[in-house]
Amino acid sequence: MDTEMAGKVRSETEKYREILKGKLITKCYNVAGFIAKDQALLVIRRQQNKRPAILFEAGFLSNEKDRKILTSPEHQNIIALCIKEAMDDYFTK
């Protein structure tokens, strides 16, 4: 992938990440008492992939507080809704 294309993919990835982060902060993590952390994570992908990619971690099952929330059907639905709405927003803008 050339440098110009890599820059475009990075830009689109950032755009989607910010949309998703906004949804999670307003609908999910504030309700659960979590703070969305901004971390620089590298998503390893094949060189031919010219699509944006993000890594989303909802919590850790090894953490008792996270496990209680992550195994809650209500919370799972909220996370899924946030991801869906973020995708809808991304593709309509």
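Cβ-Cβ under 7 Å, sequence separation 6+ or interchain: first residue in region 51-67 and over 23 Å from Gly7 (Cβ atoms), partner among the polar types (S, T, N, Q) and open to solvent by 60 Å² or more (accessible area, probe 1.4 Å). Which pairs?
Cβ pairs passing all conditions: none.
Can you spot a residue in region 74-81 that is among the β-branched types (Val, Ile, Thr) and under 17 Å from the mean Cα position of the chain (by Cα)?
So far as region 74-81 goes, yes, one or more of its residues are among the β-branched types (Val, Ile, Thr) and under 17 Å from the mean Cα position of the chain (by Cα).
What about Phe56, is it modelled with pLDDT under 85 and of a type in the set (Phe, Trp, Tyr)?
Numbers: modelled with pLDDT under 85: yes; of a type in the set (Phe, Trp, Tyr): yes.
Here the answer is yes, as Phe56 does meet what is asked.
Within region 30-50, is there a residue that is in a helix (DSSP H, G or I) and at pLDDT 70 or above?
The answer is no, given that none of the residues of region 30-50 is in a helix (DSSP H, G or I) and at pLDDT 70 or above.
Suppose we filter region 52-91 for residues that are of a type outside the set (D, E, K, R), closer than 30 Å to Lys8 by Cβ and open to solvent by 70 Å² or more (accessible area, probe 1.4 Å); how many remain?
So in region 52-91, the residues of a type outside the set (D, E, K, R) come out as 52-56, 58-63, 69-73, 75-83, 86-87, 90-91.
Remaining after also requiring closer than 30 Å to Lys8 by Cβ: 52-56, 58, 79-83, 86-87, 90-91.
Now restrict to residues that are open to solvent by 70 Å² or more (accessible area, probe 1.4 Å): 55, 81, 87, 91.
Qualifying residue count, region 52-91: 4.
The values are calculated or read from the model by the stated rules, or taken from the named source; none is laboratory data. Just so we're clear, the structure is a prediction, and the values are computed from it rather than from any experiment. We place every Cβ from the backbone using ideal geometry, glycine too, and count neighbours over all the protein chains shown. Surface areas here come from the heavy atoms of the whole protein model, side chains and all, with no ligands, DNA or RNA. Shrake-Rupley method; radii C 1.70, N 1.55, O 1.52, S 1.80 Å.
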